[in-house]
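Trainee: Here it is: the structure, laid out below.
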Amino acid sequence: MKLLAGNSNRQLAQAIADHLDMPLTKSQVKRFADNEVFVVIEENVRGEDVFVIQSTSYPANDNLMELLICIDALVRASAKRITAVMPYFGYARQDRKTGGRTPISAKLVANMITRAGADRVLTMDLHAGQIQGFFDIPTDNLVATPVLAQDIKENYPRGNLMIVSPDVGGVVRARSLAERLNVDLAIVDKRRPKAGESEVMNIIGDVSGRQCILFDDIVDSGGTLVNAAKALIDAGATEVSAYISHGVLSGPAVKRVTDGPLKELVITDSIEQPHEVLTCAKIRSVPVAPLIGEAIRRIANEESVSKLFD
């Protein structure tokens, strides 16, 4: 087995390698002067089971091209099996036609990864579970819920706790966490006037006097989270925190979290964060290297991955 890391999240790749007690494969993933991606694998990978660790986070297009070119290099180097390990799968929010003449970019990206030569995909908390069906190769979609649930148990007393889905579409995800913690569930019902904006309409469930935790898969600009937190406080919640799998945190997100009513925002390290996020007092991350590393070990040993969902 070999581990090959792109440039999207070197820290996570190294943490996964440390968990598996094995080194990262020596390679160069660089740029030509015009920003073309250049990949050289500096070890023999012929007949090897290779795992390419690369999130397609910002800059999404550059990181996606790195992944595709790494896969192509491995195919041409005669690797036995290539698994694309994508802790964060970009373009997942474009999983259906939302209007006339719009793309289904998640399907396009799935096709590109498959055509590049990947034999398997390992990812975590896809925005929509059906994206697994966009691939014509085996796809494992890990869930960060057990990791985040353990952190909640360690930091929040469950006597007055309530899990809240920030929108109707995330109810299944939030209910899974609520059942795991054996606490109540509420839902924020919102209307989105246009892309990137959200307007909270009402809250389904009594949050008065409760300690609320918003739970979702992606936080991008932070507008939905902050609006939901304000609505929960207005409805009588004593405090509001948020647990999110993927901290995209683009644009004004950090300022919104800092200035807003959230007590804290907890994310995983699926996306490598800039200094602004790392130094924000209200944002912290929990590691997912043990989860992804164990999944890699199980795939390499032909063992069950579904047990990690328990």
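The values are calculated or read from the model by the stated rules, or taken from the named source; none is laboratory data. The shown structure was predicted, so the numbers you read here are calculated from the model rather than taken from an experiment. Every residue, glycine as well, gets a Cβ built from its backbone with ideal geometry; the counts of neighbours run over all protein chains shown. Ligands, DNA and RNA are stripped out before the accessible areas are found, and what is left, the full protein with its side chains, is counted by its heavy atoms. Shrake-Rupley method; radii C 1.70, N 1.55, O 1.52, S 1.80 Å.
Trainee: How much of the accessible area of the range 1-138, in percent, comes from carbon and sulfur atoms when a 1.4 Å probe is used?
Mentor: Carbon with sulfur: 49 percent of the solvent-accessible area.
Trainee: If I model a spin label at Lys97 and Lys80 as a point 7 Å from the Cα along the Cα→Cβ vector, what separation in nanometres do I get?
Mentor: 4.4 nm
Trainee: Just how far, in whole angstrom, is the range 273-310 from the range 240-265 if you go by their alpha carbon centroids?
Mentor: Each part's Cα centre sits 20 Å from the other's.
Trainee: What order, most packed first, do the peptides 265-271, 290-296, 148-154 have when packing is the mean number of other Cβ atoms within 10 Å of each residue?
Mentor: Per-residue Cβ counts within 10 Å, averaged per peptide and sorted highest first, yield 265-271, 290-296, 148-154.
Trainee: A follow-up question, please. Straight-line reach only, C-alpha to C-alpha below 27 angstrom: list the lysines that Lys80 could link to, leaving out same-chain residues fewer than 8 apart.
Mentor: Straight-distance partners of Lys80: Lys2, Lys26, Lys30, Lys107, Lys307.
Trainee: What does the charge dipole of the range 1-62 about its Cα centre add up to, to the nearest 20 debye, if the Cβ of each Lys and Arg holds +1 and the Cβ of each Asp and Glu holds -1?
Mentor: In total the dipole reaches around 80 debye.
Trainee: Please work out how much length the chain gains when fully extended from Leu108 to Ala128, using 0.36 nm per residue of separation minus the C-alpha to C-alpha distance, in nm with one decimal.
Mentor: Extra length available between Leu108 and Ala128 comes to 5.7 nm.
Trainee: Quick one: putting +1 on the C-beta of Lys and Arg, -1 on the C-beta of Asp and Glu, what dipole do you get for the chain around its Cα centre, in Debye to the nearest 20?
Mentor: 520 debye
Trainee: Further question: Would you please give the FRET efficiency between Met22 and Asn141, computed as 1/(1 + (r/R0)^6) with r the Cβ-Cβ distance and R0 = 30 Å, to the nearest 0.05?
Mentor: FRET efficiency, Met22 to Asn141: 0.80.
Trainee: What order, most packed first, do the peptides 135-146, 59-70 have when packing is the mean number of other Cβ atoms within 10 Å of each residue?
Mentor: Per-residue mean Cβ counts within 10 Å order the peptides as 59-70, 135-146.
Trainee: Once the Cα atoms of helix 60-76 and of the chain are each reduced to a long axis, what angle between those two axes, in degrees from 0 to 90 to the nearest 10, is obtained?
Mentor: The answer is roughly 30 degrees.
Trainee: Okay, next question. What is the helix-to-structure angle for 145-155, meaning the angle in degrees between its Cα long axis and the longest Cα principal axis of the chain, kept from 0 to 90 and rounded to the nearest 10?
Mentor: Approximately 50 degrees, to the nearest ten.
Trainee: Relative to the compact-globule scaling 2.2 N^0.38 Å, provide the ratio for the alpha-carbon radius of gyration of the range 195-275.
Mentor: Rounded to two decimals, the normalised Rg is 1.07.
Trainee: For a quick protection proxy, order the peptides 179-190, 239-250 by their average other-Cβ count within 10 Å, most packed first.
Mentor: Result, highest mean Cβ count within 10 Å first: 239-250, 179-190.
Trainee: Pairs to check: Lys230/Lys282; Lys153/Lys230; Lys255/Lys282; Lys153/Lys263. Give those whose C-alpha atoms are more than 19 Å from each other in this structure.
Mentor: Lys153/Lys230
Trainee: Classify the range 70-178: rounded, prolate or oblate, from the alpha-carbon gyration tensor (a ≥ b ≥ c, eigenvalue square roots; a/c under 1.5 rounded; otherwise prolate if a/b is larger than b/c)?
Mentor: Oblate.
Trainee: As I understand it, the value is the acute angle between the Cα axis of helix 289-300 and the longest principal axis of the Cα atoms of the chain; what does it come to in degrees, rounded to 10?
Mentor: Result, in degrees: 40.
Trainee: Still on this structure, please answer the following. Shape call for the range 138-263 from the C-alpha gyration tensor, a ≥ b ≥ c root eigenvalues: rounded (a/c under 1.5), prolate (a/b greater than b/c) or oblate?
Mentor: rounded
Trainee: On average, how much area does the Cα convex hull of the chain cover when viewed from any direction, in nm²?
Mentor: 16.5 nm²
Trainee: How high is the relative contact order of the chain, in percent, counting Cα pairs under 8 Å that sit 6 or more residues apart?
Mentor: In percent, rounded to a whole number, it is 14.
Trainee: Mark the label point 7 Å from the Cα of Arg10 along Cα→Cβ and return the residues of the range 25-69 whose backbone N is within less than 14 Å of it.
Mentor: 25-31
Trainee: Report the relative contact order of the range 187-310, percent, no decimals, based on alpha-carbon pairs under 8 angstrom and at least 6 residues apart.
Mentor: Reported as a whole number, the value is 18 percent.
Trainee: Under 8 Å for C-alpha pairs, at least 6 residues apart: give me the relative contact order for the range 136-254, rounded to a whole percent.
Mentor: RCO, the range 136-254: 23 percent.
Trainee: So what is the calculated 222 nm ellipticity per residue for the chain, using -39500 (n - 2.57) for each DSSP H run with n of 4 or more, over all residues, to the nearest 500 deg cm²/dmol?
Mentor: For the chain, the value works out to -9500 deg cm²/dmol.
Trainee: Roughly how many Å² is the accessible area per residue of the chain, as a whole number, for a 1.4 Å probe?
Mentor: Accessible surface, normalised per residue, equals 46 Å².
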